[in-house]
Amino acid sequence: MDLFNQLRGILKVPPLVKEPLSRHTSLGVGGPADYLVFPSDAEEIRAVLLLAKEHHIPLLVLGHGTNLLVLDEGFRGIVMSLTNACSHCQFNNGIVKAGANVSLPWLAKEIARRGLTGMEFAAGIPGTLGGALYMNAGAFGYYTGNLVEEVVTMDSTGSLQARSRNELSFAYRWSNFQDEDVIILEATLCLKPGNRGKIEEILGQMLNERAVKHPRLPSAGSVFRNPSRQGAGYLIEQAGLKGMSMGGAQISLTHGNFIVNNGNATAADIIYLINLARETVREKFDIELQLEIRVVGGNREIGEK
Ligand SMILES: Cc1cc2nc3c(=O)[nH]c(=O)nc-3n(C[C@H](O)[C@H](O)[C@H](O)COP(=O)(O)OP(=O)(O)OC[C@H]3O[C@@H](n4cnc5c(N)ncnc54)[C@H](O)[C@@H]3O)c2cc1C
């Protein structure tokens, strides 16, 4: 049986074939995935994992695609979206158990509405809870990893692991998940009680600050990690690169560390600007910029540690 029919046999929702990933990333660029699948529960996730393992087919987990640059060649393998699974959310005083597909901004606002503090920073970070744990997404000096009590993952053999905080590691835009071959299914977060009015005021201030500093055009957020001394956006601006464009892509005029899609950008246009920024910053400041966004192409994800 061919792979399509095997996937069709284990999934309630039929796989999409040669689906352009530009439709599933915030940048709006990226070539096709051989198969894009939408498992409905943990059993279907396990079945896809085992099938991929048996046939040595590369597998990529997709959150909301807000930190991804998919190359124009697309992805040769199976892309798994958790859109139809892992969407549960239970609140029990300060303890929140949520599925990986839960929207991070929604969760941050819901937590604030319940008078719990600690997640205000995340209200403006697009994407899923799973993506935020994988990336250890953060803002204003706060990080998703700081809130974690436990994370449930599934490995490539389909077995489940519930790992507590002391079995996990988080650092600036890094989590242990980036070095593992696992799918994040669920997390338990711990928040503190606070004053709802004050919490919502802080959340609003953070959203306002982002609205002023960040471009409105499609992007994947910050392209580069901030080097220890100076912000990547500042260095790119000082290098005179703000507003530089290639094809439909542009180094944002609003924020030097964002590359935006003006409507018809290709991944190649964006890669050109990434290389330009890296080379110019290296030449002018002797600083090596590291990618924050994850680049996907061919049969693999190219991440920088
Ligand atoms: C306008 C804008 C502003 C942004 N601002 C910020 C910011 O302030 N701070 C910040 O940290 N980031 C920011 N980002 C980047 C992005 O929103 C975060 O990194 C976000 O957490 C990514 O979540 P996602 O669901 O979209 O993940 P995706 O982009 O879909 O995936 C990112 C990585 O996580 C992996 N992954 C996703 N889900 C899972 C899972 N369940 N199990 C295993 N691996 C998984 C993917 O394979 C991929 O490697 C911004 C992006 C945009 C577009």
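Within the stretch 170-191, can you find the residues that are farther than 20 Å from Val102 by Cα and either away from the ligand (no atom under 15 Å from the Cβ) or over 21 Å from the mean Cα position of the chain (by Cα) (or both)?
Of everything in the stretch 170-191, nothing turns out to be farther than 20 Å from Val102 by Cα and either away from the ligand (no atom under 15 Å from the Cβ) or over 21 Å from the mean Cα position of the chain (by Cα) (or both).
Looking at Gly248 and the list (1) within 14 Å of the ligand (Cβ to nearest atom); (2) touching a helix residue (DSSP H, G or I) at 6+ places or on another chain (Cβ under 9 Å), which single condition is not satisfied?
Status for Gly248: all satisfied but (1).
Anything in the stretch 205-261 that is part of a loop (DSSP other than H, G, I, E, B), closer than 24 Å to Ala171 by Cα and charged (D, E, K, R)? List them, or say none.
Arg225, Arg229
Give me the residue from the stretch 45-60 that is surrounded by fewer than 20 Cβ atoms within 10 Å (Cβ to Cβ) and either within 15 Å of the ligand (Cβ to nearest atom) or basic (Lys, Arg) (or both) and, out of that set, nearest to Cys86 (Cα to Cα).
Narrowing the stretch 45-60 to residues surrounded by fewer than 20 Cβ atoms within 10 Å (Cβ to Cβ): 46-47, 50-51, 53-58.
Next cut, either within 15 Å of the ligand (Cβ to nearest atom) or basic (Lys, Arg) (or both) only: 46, 53, 58.
Details: Arg46: 13, Lys53: 22, Pro58: 22 Å.
Selected residue: Arg46.
Among the residues of the stretch 120-147, what is the count of those that are at negative phi, among the hydrophobic types (A, V, I, L, M, F, W, C) and more than 6 Å from the ligand (Cβ to nearest atom)?
First pass over the stretch 120-147, keeping only residues at negative phi: 120-126, 128-135, 137-139, 142-147.
Retained after the next criterion (residues that are among the hydrophobic types (A, V, I, L, M, F, W, C)): 121-123, 125, 129, 132-133, 135, 137, 139, 147.
Filter again for more than 6 Å from the ligand (Cβ to nearest atom), leaving 121-123, 129, 133, 147.
Number satisfying all stated conditions: 6.
Across the stretch 3-13, which residue is farthest from the ligand (Cβ to nearest atom) among those that are closer than 14 Å to Thr83 by Cβ and of a type outside the set (Val, Ile, Thr)?
Across the stretch 3-13, the extreme among qualifying residues is Lys12.
Is one or more of the residues making up the stretch 14-22 within 15 Å of the ligand (Cβ to nearest atom) and assigned to a loop (DSSP other than H, G, I, E, B)?
Within the stretch 14-22, not a single residue is within 15 Å of the ligand (Cβ to nearest atom) and assigned to a loop (DSSP other than H, G, I, E, B).
I'm told Gln290 meets every condition in (1) within 13 Å of the ligand (Cβ to nearest atom); (2) within 29 Å of Ile57 (Cα to Cα); (3) not acidic (Asp, Glu) except one. Can you identify the failing condition by its number?
Status for Gln290: all satisfied but (1).
Please specify each residue of the stretch 213-229 satisfying the condition of being of a type outside the set (Lys, Arg), touching a residue at least 24 places away in the same chain (Cβ under 8 Å), out of contact with any Ser or Thr (no Cβ under 9 Å at 6 or more places or on another chain) and surrounded by fewer than 18 Cβ atoms within 10 Å (Cβ to Cβ).
The answer is Pro227, and nothing else.
So, of the residues in the stretch 232-289 that are closer than 21 Å to Val212 by Cβ and of a type in the set (Val, Ile, Thr), which turns out to be surrounded by the fewest Cβ atoms within 10 Å (Cβ to Cβ)?
Of everything passing the filter in the stretch 232-289, Thr254 is surrounded by the fewest Cβ atoms within 10 Å (Cβ to Cβ).
Is it fair to say Glu54 is out of contact with any helix residue (DSSP H, G or I) (no Cβ under 9 Å at 6 or more places or on another chain) and among the acidic types (Asp, Glu)?
So Glu54 passes the test.
Got at least one residue in the stretch 33-40 being polar (S, T, N, Q) and within 25 Å of Ile125 (Cβ to Cβ)?
no
Working only within the stretch 1-12, note down all residues that are in a loop (DSSP other than H, G, I, E, B) and surrounded by 15 or more Cβ atoms within 10 Å (Cβ to Cβ). Quick ask: steps written out before the conclusion?
Residues of the stretch 1-12 in a loop (DSSP other than H, G, I, E, B): 1-2, 11-12.
Matches in the stretch 1-12: Leu11 only.
With (1) closer than 30 Å to Glu54 by Cβ; (2) at pLDDT below 95; (3) not basic (Lys, Arg) as the list, and Gly141 as the residue in question, which single condition is left unmet?
For Gly141, the failing item is (1).
The values are calculated or read from the model by the stated rules, or taken from the named source; none is laboratory data. Note that the structure is predicted; figures quoted are calculated from it, not measured. Note that each Cβ is placed from the backbone with ideal geometry, even for glycine, and that neighbours are counted across all protein chains shown.
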